[in-house]
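Just below is one structure, and these are the notes that go with it.
The values are calculated or read from the model by the stated rules, or taken from the named source; none is laboratory data. Worth saying up front: this structure is predicted, and the values here are computed from it rather than measured. Positions of Cβ are backbone-derived with ideal geometry, glycine not excepted, and every protein chain shown enters the neighbour counts. Heads up: the accessible areas ignore ligands, DNA and RNA and are worked out on the full protein's heavy atoms, side chains in. Shrake-Rupley method; radii C 1.70, N 1.55, O 1.52, S 1.80 Å.
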Amino acid sequence: MANSLPNFASSGCCVLLLLVSIFIQGGVQGSIGANYGTTANDLPPPTHVAHFLLESTIINRVRLFDANPDILQAFAHTGIAVTITVPNDQIPHLTKLSFAQQWLKSNVQPYVQATNIVRILIGNEVLSTTNKLFIAGLVPAMQTLHAALVDASLDRKIKVSTPHSLGILSSSTPPSSGKFRQGYDVHVLKPLLSFLKATNSPFMVNPYPYFGFSADTLDYALFRPNSGVFDDKTKLLYTNMLDAQLDAVFSAMKLLGFVDLEIVIAETGWPSECDPAQVGVDPQSAADYNGNLIHHVTSGNGTPLMPNRTFETYIFALFNENLKPGPTCERNFGLFRPDMTPVYNIGILRHTASSSTPLNPSTGPGPVLAPASPSPPDGQKLWCLPKRGADPEALQRNIDYVCGLGLNCGPIKQSGPCFMPNTVRAHAAYAMNRYFQAMGRNGYDCEFEGTGATTAVDPSYGKCKY
């Protein structure tokens, strides 16, 4: 940081600490990531992408479809959680321990000290390839790579998994009837699930309501108001297609005796443009799906069969990719254009957070106090962040003020989980939000002389928790 944090406490310290205990809410928040594909010739340099995600968005995780060294280097010291992928055609080789060890030495170990690599995926939708060599080698390759991670003392930091399409299900409607395809269920998926449970790794799926909707079910797919779909067996009502897809996977896992594994959404998304005959594809529909998705998976509501939980989710995709083959929609799943401007607004940019105008601007270093504002709708949690373009000197004053009150600023001190990136803006984000949460999340508690704004999406990244 530009200045050292103050160590003094004001006379209001005890009052504020009491408020902290009253107002700060616990609970695990879902994480929002993006699939960072590179099938394009017009994308910005990886260093620009890493800086943009860290400074300007709430995306705190990325999934790569390879182990691109330039991208791994670019994400060094950002704290953003990175998932890398071993291509399908390497699966047969990866069943040999010597190959797995060499793969780690070449693709992971040179970067792992600086880059927050958290997961290695063995292939992508391997069962859907119907390639017998890949399928037979999938679980052995996962086991072998895990053994190599153990040898390198990286198994606690980096987990091994593999993502599946919903083609692994032979039945999915109603959700309670979900079951895996015969043959794959016992011979591949049961040992795979056993491995994931033993290594505390998640089961990863790629649910796409986009590929399952019709004109009649568009609202159901987009989380818009609709009459819902009733499951006669469980007597549960489904109001969106994603929940139904996830619960079908859960039902299939339950049949094999696995009900306590974490499920991660490795891919899901909605295109903003397609060929003219395609209904339900436009920027507004894409914004409805992805915006509602973020709110839903981070809300803690869960699904009808998996209530009260959040889901780590990776939106497909980070950018529009102009060299992807197939119909027009395949090139238009991106949240951002190559110039890093949003294709549509879903509140994923930090500076798009809403802010009210101070009613009694102050010249003091503390936050501006205004008349009480109403609570967020439906108990929605909010976070406080600096506005884009806020003066660094003003942000440093905010840091000094908040930390001087005695609130815990340890996470933004050197070696703390929120110290990196070591910028005034990043440290101010943590300090301002700390104050905002402690004081009860009123709108005026995020004014800070007009430098603060609230957002409904958790800005946490890596081990830095807001």
*Hey, which of these cross-link pairs are over 27 Å Cα-Cα: K387/K413; K105/K179; K254/K463; K157/K381; K157/K197?*
K105/K179; K254/K463; K157/K381
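How much length is gained if the chain between K254 and R337 is pulled fully straight, taking 0.36 nm per residue apart and subtracting their Cα-Cα distance, in nm to one decimal? Each step should come with its number before you reach the end.
Details: separation 83, 0.36 × 83 = 29.88 nm, distance 4.05 nm.
Full extension of this stretch gives 25.8 nm more.
Ranked highest first by the average count of other Cβ atoms within 10 Å around their residues, in what order do 275-283, 331-339, 246-254 fall? Mind showing how you got there, number by number?
Details: 275-283: 13.1, 331-339: 20.3, 246-254: 22.9.
Result, highest mean Cβ count within 10 Å first: 246-254, 331-339, 275-283.
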*asked:* Can you give me the angle between helix 241-255 and the longest principal axis of the chain, using Cα atoms only, in degrees from 0 to 90, rounded to the nearest 10?
replied: 60 degrees
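Any idea of the accessible area per residue across the range 222-311, 1.4 Å probe, to the nearest Å²?
So the range 222-311 comes to 42 Å² accessible per residue, rounded to a whole number.
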_Antiparallel DSSP beta bridges within the chain, percent to nearest 5_ = 35 percent
_I need two numbers for the range 257-308: Rg to one decimal and Dmax as a whole number, Cα atoms only, in Å._
14.7, 45
*Mind checking which aspartates and glutamates have their C-alpha under 17 Å from K324, skipping anything on the same chain fewer than 8 residues away?*
D42, D66, E267, E273, D275
*May I ask which residue of L261, P209, Q278 lies farthest towards the positive end of the charge dipole of the range 194-296, with charges of +1 (Lys, Arg) and -1 (Asp, Glu) on Cβ and the Cα centre as origin?*
L261
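Shape call for the range 397-439 from the C-alpha gyration tensor, a ≥ b ≥ c root eigenvalues: rounded (a/c under 1.5), prolate (a/b greater than b/c) or oblate?
On the way: a/c = 1.76, a/b = 1.55, b/c = 1.14.
Prolate shape, in that a/c is at least 1.5 and a/b is the bigger ratio.
Report, in debye and to the nearest 20, how large the dipole of the chain comes out about its Cα centre when Lys and Arg carry +1 and Asp and Glu carry -1 on their Cβ. Before the final figure, lay out each step's value.
Working: 32 positive and 34 negative charges, 248 e Å.
Approximately 1200 debye in magnitude.
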*With no solvent and one point on each alpha carbon, what is the Debye value of log10 I(q)/I(0) for the range 175-294 at q = 0.17, 0.20, 0.21 Å⁻¹?*
-0.92, -1.10, -1.15
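Quick check: net charge around M253, other residues with Cβ under 15 Å of its Cβ, Lys/Arg +1 and Asp/Glu -1?
Values: positive: K179, R181, K190, K197, K254, R309; negative: D185, D247, D260, E262.
Net local charge, M253 excluded: +2.
Work through the residues other than V118 whose Cβ is under 14 Å from its Cβ and net out their charges, Lys, Arg +1 and Asp, Glu -1. Mind dumping the intermediate values first?
Details: positive: R61, R63, R119, R156, K157, K159, K463; negative: D155, E262, E312.
Value of the local net charge: +4.
Accessible area per residue for the range 128-197 in Å², computed with a 1.4 Å probe and the full protein assembly in place, what is it?
Numbers: 3250 Å² over 70 residues.
Here the per-residue accessible area is 46 Å².
Hey, what number do you get for the chain at 222 nm if only DSSP H runs of n ≥ 4 count, each worth -39500 (n - 2.57), divided across all residues, to the nearest 500? Numbers along the way, then the final one.
Working: 12 runs with 136 residues, N = 466.
-9000 deg cm²/dmol, from helical runs alone.
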*Non-local amide H neighbours of S170 (under 5 Å, H modeled in plane, Pro and chain starts lacking H): which ones?*
K179, F180, R181
*Considering the Cα trace of the range 93-214, what is its radius of gyration and what is Dmax, both in angstroms?*
15.8, 50
_Over the chain, volume per residue of the alpha carbon convex hull, in Å³_ = 156 Å³
*Classify the range 181-241 as rounded, prolate or oblate from the Cα gyration tensor: take a ≥ b ≥ c as the square roots of its eigenvalues, call it rounded if a/c is under 1.5, otherwise prolate when a/b beats b/c and oblate if not.*
prolate
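Would you mind classifying the range 377-416 by shape? Square roots of the alpha carbon gyration tensor eigenvalues, ordered a ≥ b ≥ c; an a/c under 1.5 is rounded, otherwise it is prolate if a/b is larger than b/c and oblate if not.
On the way: a/c = 2.00, a/b = 1.29, b/c = 1.55.
Because a/c hits 1.5 or more and a/b fails to exceed b/c, the range 377-416 counts as oblate.
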